[in-house]
1. Where does each of Lys36, Lys304, Lys124 land when they are ordered by accessible area, with a 1.4 Å probe and the largest first?
2. How about the range 329-375: which trypsin sites (Lys or Arg not before Pro) there lie in a loop by DSSP and see at most 14 other Cβ atoms within 10 Å?
3. Over the range 175-299, average the accessible area per residue using a 1.4 Å probe and give it in Å², no decimals.
4. Using θ = phi - 60° and the Karplus form 6.51 cos²θ - 1.76 cosθ + 1.60, what ³J(HN,Hα) does each residue of the range 313-322 get, whole Hz, x for Gly and Pro?
5. Distance between Cα centroids, the range 329-379 to the range 130-146: provide it in whole Å.
6. Could you name the lysines whose alpha carbon sits less than 19 Å from that of Lys174, not counting residues in the same chain fewer than 8 places away?
7. Using only the alpha-carbon atoms, how far is helix 386-406 inclined from the longest principal axis of the chain? Give it as 0 to 90 degrees, nearest 10.
8. Which sequence of Met72, Met307 reflects their accessible areas, 1.4 Å probe, from the largest down?
Amino acid sequence: MKLLLCALFIMSSSSIMAGAFKAGISTVAITPIAHKDVVDTLHGGPKTVGNISDPLYAKTLILSDGHSRIAMINLDLMYIPPAVFSELLKDLREKNTFDQIFLSITHSHSGYVGNNDYDALKEKLMAGIKTANANLQAVKIGAGEGSLDEAYNRIIRHSDSGAEMLWSNPSRKKNRPVDQSVGIINIKKENGQTLINLVNYNAHPVITMDLHNPVISADYPGQLANSLKQHGEGDTMFFLGAAGDVNPYDADIKPTTLALDRSKQLGERLATEVFKNINTIKDYQTHGRFSVNNLTYSLPVIKKTDMETVPAEINTLLLTQDIALASFSGEFFNQFGATVKEQSPAKHTFFLGYTNGSLGYIPTNEAIKFGGYGAESKDMWFQAGTGEKQINDAMQSLNSQYQKQIK
């Protein structure tokens, strides 16, 4: 009798802990208006929008396990200033009751917000959250991983500890290996159709970047989403990984017409790899309990600037025992992402860069010894070792969560 009561208690406790997964999505256009809105450009300062190649979107995914709610918001933007990023997050958190919000930018170098009107952006994000909340439905969650050789390390190191930049590499010149993995979280409706894909890849979206003739484009992440939808695989959110020193082979290619075509080709190749691997995912979960942990930092700025500190966050999320996400507020060098995946206790781990903050480049200590763009000591915003410490903190957080979840 005691054994029966004990078994019933365990079953009851398990049912309380594990809830049914639900998800809701929304898409809101954030494309500036041609010949009206003024946007910041990388080289020429503020300019009136002229050429719009393809639209920019803010996409929202809300996930629920019956106990916790997570919001993931993905913006086709290159950059949000640190103070603005912090205020956006603060407002979204105050006006919503999520266990955590992941606010990410794709870092497309051809994506901007018209007039830098972040109040208008905030209103659009609030509307997107409301719509996604209203669209919650039962789902199942699975993950897979592919690989695509379309990225390279753009810093060439020399034996004398110097470095030079290889900004574009259409001939695919060999350099140090980079993480070419394509991370995929596939979320399906009850009828088996894909609701949304979360795709994680490590390559700067800079194919359509033109410093002198800026064009509005979501670059290859936008083309990836379009192509997957044409495959019948629902919506897509792209999350840039650890791409601080990684470019696509066709980065910064000219003229603009060729760049747009090459970004489309890369998006289609990524979509093909994602589509192929979705069909290999067998282990989908319909119930579980999310685990999320948040670490906040106020990082001292060592470079001469008007900012003394910059806010940053690490968020570690276990969707299931097999699926983990670790988000960081900066543009981390590729080795950091590889380290997270190697050390993670979860089968599938996703490194999300430029999430909940804008730190700029975070190079490894090893990279600083050689230099190159993003790793020159004279241009460092933060102390050497900042990235190593944050990676270590993230791994401690993730391992602690994992141990609690498997008990």
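1. Lys304, Lys36, Lys124
2. Qualifying residues, ordered by number: Lys347.
3. 37 Å²
4. Values, residue by residue: 9, 10, 10, 10, 10, 9, 7, 9, 5, 9 Hz.
5. For the range 329-379 versus the range 130-146, the Cα centre distance is 28 Å.
6. none
7. 20 degrees
8. Reading off the accessible areas and sorting them downward yields Met307, Met72.
The values are calculated or read from the model by the stated rules, or taken from the named source; none is laboratory data. The model shown is predicted, which means the values in this text are computed figures rather than measured ones. Neighbour counts are summed over all protein chains in view; Cβ atoms, including those assigned to glycine, are modelled from backbone coordinates with ideal geometry. The area values use the complete protein model at the heavy-atom level, side chains included, leaving out ligands, DNA and RNA. Shrake-Rupley method; radii C 1.70, N 1.55, O 1.52, S 1.80 Å.
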